[in-house]
Amino acid sequence: MTAEFLFITFTIFLAGMIAVPLASRFGLGSVLGYLIAGIAIGPILHWAGVDVVGLQHFTEFGVVMMLFLIGLEMQPKVLWAMRARIFLMGGLQVGLTAAAVMAVSMFFGQPWTVSLAIGLIFALSSTAIVTQTLNEKGLMKSDGGQASFSVLLFQDIAVIPMLALIPLLALPELTAALGHGDDHGGGHGEAGLNLSLVEGLPGWQTAIVTLAAVGIVIVAGRYLTGPVFRYVASARLRELFVSTALMMVVGIALLMTMVGLSPALGTFLAGVVMANSEYRHELESDIAPFKGIFLGVFFITVGASIDFALFSENMALIVGLTLGLIALKAGIMFVLGFVFKLSGSDKWLFSLGLAQAGEFGFVLVSFTVANAVVPGPIADLLLLVVALSMLLTPALFICYDKLIMPRYARQQAQDADDMPSDAKIIIAGHGRFGGIVNRALQAADYETTVIDYSNEQLAMLRRFGLRAYFGDATRPDLLHAAGIEEAKVLVIAIDNKDAATELARYIHEHHPKVHVVARAVDRWHVYDLWAAGCRDIIRETYDSSIRAARSVFEAVGHPREQAEQLTGIFEDFDRKTMVETARAFIESEDPHSDDSTYTQMIRENVGTWEAELKAKMQAARGGE
C-alpha cells in the first residue's frame, strides 16, 4: 500500500464527507453532493495521475450491489406483475428516444450510422442516480417510481443487443484510423486474461450457454443460499457472513459478465430469487454499506471526469446539447406516462427522473470509438453531455420536490448511535404517536429505548435523561444492537408505511416472541400489517374518530352512557368486519382489481353489514 494510494483514498473520502452533508443541509440531495465533491477534487486527481475513468468503471460495482438489494425487496410475483411496463413501456422509451436523437443528429449532418449510435447512447438513463434518489426520497414504491424502475430494468436488458449492434455500424475511414493507435479505444485492445464463455461460439451455442448461466443463478439462489449461509453461520463470525455475501454478489456479476450479460441485471435476478430467503434481511444489512461506499465514489468520479478545458471551449454547444437532450427525453417520458396512465405527480416524477443520460453511456461511447463507429472529437463532446446531464439530474429532482410535490422531501440518512442491548421495550419512531406511547410508559415507570431519525426530537429526550438513539430502526443490525433478542415489545411508530410493514414482517419471521404494536396509517396499511403477521394494529386516527363520534352523540342529546354504548357497538362491529376483510385481502392476488376476492366480498356483504349495524344501533337507542 503506497502513500499515493492512501492520499487518493483520503482525498476522495474527505471530499465526500465535506460536500454531502452540506448538500443535504441545503436540500440538494446526497447525489449532487458527491458530484460537486468530484468536481472540486477533479484537478487533484488528474494532478496525481489517477485513471478517473478506470476508477469509475470499478466503482460501478455499486450499481450492481444496489440492484441486488432492490431484487431482494421485490417478490417474484411483483416482478411478473410489472412485465408489461418493463417490456412495453421500456421498449417504447428506448426505441422512441433512440429514433428521436438519431433524427436530430442526422438533421445536423451526421451519417446515419453515427446518429444511430448516438441515439442508443442517449436512450439510456442513469440507474445509479435515479434509483439512489428514489430510494433516498422514499419514492421508489410510488407509481412513478415503479414505472421509472421498470424502464431502467429494460435499459439494462437493452444494453446486450446494443453491444452486438454497434460494431456493425463501423465507418471505413475510422477503421483505418483505428489501426494507427487512436487513444480512445486503447483499453479494448490490450492483452489480458480472457474469461469469456461465449467468445467465438455460434449464436445458438451462445444462447444455450447464456440461458444455462441464468439457470445456475436461479437454482443457486433458490436452493443453495440457505445451506451455504447456515454453514457459514456455524462459525459464529459476523465478518465471515459479510464476506460470503460479498462473494456471492461478485460471483454472480462475474458469471453474467463471462456470458456477455449485464452484471447488474444478473444480480437483480438473483436478488428476486432470494427475496423469500430466511437470510434476506441479513444480506441487506451486510451489502448496503458497501453499496453506499461504491456508489458514492462512483458519483465522485463522474464529477471528476468532466473535462473543463474542452467544456470551456464549447460551452454553448455542450450546454445546448445537454438541455436539448433533457427536454427531448422528458417530453418522450411525459407522453409515455400519459399513454400508460400515470397521473399527477407520478407522471412528472417519471418524466424528470429519467431525462438524463446514463453511466453506461461512458462505456458505450468508448465502445463506439474502439469499434470505429463514432469519431474521437464527437465522442469527447458526448462524454461531456453524458456527465453534465447526470450532474443536472439532482436539480430536476429538486424541481420535482419544491415545485411539484414538496411534501415528498426526505431527510438524509446518517449513521446510527451505539445502543445498549438490554432494552425490554423498543419504540421505533418518536413523533406524535410514538411520543405519547413513550410518555405513558415512562409515567408508569417502564424503561424504554427510543430509535428515531430526528436529531431535534432525540436531543430533547436526552435533555430529560431518556434513552434515545439516532438510527434506522428497520435495519436488522441496528435492531440487534438495540437488543431485539431480549425485548418483550416493539412499538412501530415510523412514518413510512412500507418500511413499517417490512419491519413488522421481519420481527414476525425472525423474532416471533416479540410482541409488536404497530401504527397503521390507513385501512390498506392495516391489511398490509395483518398480512405481515402483526395482530396488534392501532389505526392512528381511529380512536380519536370514535371519541369524536361519541361527542356528537352527546351533543345531539344522548346521555353519556348511551353515547358510549353506541360507539362501542360501532367499534366492535368495525373490528369484526376488519378481520374478515383483512383475510380476504390477503387471499386476493390483486385486491385492488374489480374481480378480486376482496372486492367481491365487500360488494356481496356491504349491504348486509350496514343493515346489521343499523339494527344494533337502533336497538341501543331503544327503537326511537
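The values are calculated or read from the model by the stated rules, or taken from the named source; none is laboratory data. The model shown is predicted, which means the values in this text are computed figures rather than measured ones. Cβ placement follows ideal geometry from the backbone for every residue including glycine, while neighbour counts extend to all protein chains displayed. Protein only, heavy atoms only, side chains kept; ligands, DNA and RNA dropped before computing areas. Shrake-Rupley method; radii C 1.70, N 1.55, O 1.52, S 1.80 Å.
Give me the percent of accessible area attributable to carbon and sulfur for the chain, probe 1.4 angstrom. Provide the component values of the computation, followed by the final result.
Working: 19080 of 30420 Å².
Ligands and nucleic acids excluded, carbon and sulfur give 63 percent.
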Could you derive backbone 3J(HN,Hα) for region 581-591 from the dihedral phi with the Karplus parameters 6.51, -1.76 and 1.60 (θ = phi - 60°), listing whole Hz in sequence and x where the residue is Gly or Pro? 5, 5, 5, 5, 4, 5, 6, 7, 5, 9, x
HN-Hα J couplings of region 347-362 from phi, Karplus 6.51/-1.76/1.60, θ = phi - 60°, integer Hz, Gly and Pro as x? 5, 6, 4, 5, 5, 6, x, 9, 7, 9, 7, x, 4, 6, x, 4
Euclidean distance of C-alpha centroids, region 305-331 and region 332-390, integer Å: 12 Å
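Efficiency by 1/(1 + (r/R0)^6): what FRET value for Ala103 and Leu246, r their Cβ-Cβ distance, R0 = 51 Å, to the nearest 0.05?
Working: r = 45 Å, r/R0 = 0.88.
It comes out at approximately 0.70.
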Output wanted: per-residue J couplings in Hz (rounded whole) for region 559-569, from phi through Karplus 6.51 cos²θ - 1.76 cosθ + 1.60, θ = phi - 60°, x for Gly and Pro. x, 4, 4, 5, 4, 5, 5, 5, 5, x, 4
Enumerate the amide H contacts of Ile427 below 5 Å, restricted to partners 5 or more residues apart or on another chain; note that Pro and chain-start residues carry no placed amide H. Thr449, Val450, Ile451, Val491
Mean ellipticity per residue at 222 nm, deg cm²/dmol - from DSSP H runs of n ≥ 4 across the chain, formula -39500 (n - 2.57): -21500 deg cm²/dmol
Could you bin all the Cα-Cα distances of the chain into 20 Å bins starting at 0 and give me the percent of pairs in each, rounded to whole numbers? 16, 47, 28, 8, 1, 0
Per residue, what accessible area does the chain have, given a 1.4 Å probe and all protein chains present, in Å²? 49 Å²
How far apart, in nanometres, would the label points at Ile208 and Ile18 be if each is projected 7 angstrom from Cα along the Cα-to-Cβ direction? 5.9 nm
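Where a ≥ b ≥ c are the square roots of the eigenvalues of the C-alpha gyration tensor, would you call region 217-258 rounded, which needs a/c under 1.5, or, failing that, prolate if a/b is larger than b/c, or oblate? Please list the in-between numbers first.
Numbers: a/c = 4.43, a/b = 1.56, b/c = 2.85.
Oblate, since a/c reaches 1.5 and b/c is not below a/b.
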Cα→Cβ-extended label distance, 7 Å offset, between Val219 and Ile293, nm: 3.5 nm
